1. State whether the chain is rounded, prolate or oblate according to the following rule on the C-alpha gyration tensor (a ≥ b ≥ c being the square roots of its eigenvalues): a/c under 1.5 gives rounded; otherwise a/b larger than b/c gives prolate, and the remaining case gives oblate.
2. Please turn the phi angles of the stretch 143-159 into ³J(HN,Hα) values with the Karplus equation 6.51 cos²θ - 1.76 cosθ + 1.60 (θ = phi - 60°), one per residue in order, whole Hz, x for glycine and proline.
3. Given the options LEU76, LEU49, LEU121, which has the most mean-square fluctuation in a GNM of the chain, springs set between C-alpha atoms less than 10 angstrom apart?
4. Mind checking Rg over Rh on the stretch 134-202, alpha carbons, Kirkwood formula for Rh?
5. Please calculate how many Å² of accessible area the stretch 66-202 carries per residue, with a 1.4 Å probe and no DNA, RNA or ligand atoms counted.
6. Quantify, in whole percent, the carbon and sulfur part of the accessible surface of the stretch 3-199 (1.4 Å probe; protein heavy atoms only).
7. Can you list residues whose amide H is under 5 Å from ASP45's amide H, if they're 5+ apart or on another chain and H is modeled 1.01 Å from N?
8. Tell me which residues come under 5 Å, amide H to amide H, from GLU86 once H is placed; ignore anything under 5 positions away on its chain.
Amino acid sequence: MCEYEFSETAYTKIIFHAAKYPHQAVNGLLLADKKAKGSIVQITDAIPLFHQCLGVTPMAEIALMQIDAYADSEGLVIAGYYAAPENFYDNQIDKAPAAKIADKIQENFKNACFAIVDNKLVSLEHNRAALQVYGYATDSNRWSKAKYSLVHTSQTLEGVSLLLKRGAMRDVIDFDNHLDNPENDWTNQFLNQSLKDLQKLY
């Protein structure tokens, strides 16, 4: 089974999405470099999907098609799925919302990962990575816990903590926000650039 490495941008956007809607379940997609090879899948970006209706709906199908086209244009591939359950303690994979989306992704990308946000670890004092990551074990045909790491772990956690304290999670835009107002950019280019600027300070 592969190991996974999450970039600062991908990890931060996942946590921001969960923190922006603390009383609701959220989900999103994970992108990786299409040409990357080796035993470590590098998750370079996250695209927040929904905070209202998380199931496999016509809206989800439209979102997946648009995000797939965007990823392809950027030399990326949809390489995983993330979810933050609504209930504080429901951080097991069998209770994750819209898990069928992860299964669909895995059909197209065999080394896909499924990341669950551990809500108990999402706090202003963000000193531990708040994810549980799973890869698909073909021998047992199920999602199994996988090893993962963050790029520049201590700096990433410190940066997330700092930005959460500033309320920066309000800036993240998901596909629901885009459907409410098409001018809302679900690729979060403004936030991506802000995170890159912050990384230069380390």
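The values are calculated or read from the model by the stated rules, or taken from the named source; none is laboratory data. Keep in mind that this is a model prediction, so the values were computed, not measured. Here Cβ is always computed from backbone atoms with ideal geometry, including for glycine, and neighbour counts include all displayed protein chains. Each accessible area value is taken on the protein alone, full model and side chains, heavy atoms only, with ligands, DNA and RNA left out. Shrake-Rupley method; radii C 1.70, N 1.55, O 1.52, S 1.80 Å.
1. Numbers: a/c = 1.23, a/b = 1.13, b/c = 1.09.
Judged from the Cα gyration tensor, the chain comes out rounded (a/c under 1.5).
2. My calculation for the stretch 143-159 gives 6, 10, 4, 10, 7, 8, 9, 9, 5, 6, 3, 5, 5, 5, 5, 5, x Hz in order.
3. Of LEU76, LEU49, LEU121, the Gaussian network model singles out LEU121 as fluctuating most.
4. Values: Rg = 16.6 Å, Rh = 14.8 Å.
The Rg/Rh ratio comes out at 1.12.
5. Details: 7460 Å² over 137 residues.
Here the per-residue accessible area is 54 Å².
6. Details: 4720 of 9540 Å².
Solvent-exposed carbon and sulfur of the stretch 3-199 make up 49 percent of the total.
7. Close amide H contacts, sequence-distant or interchain: LEU31.
8. Hits under the 5 Å cutoff: ALA25.
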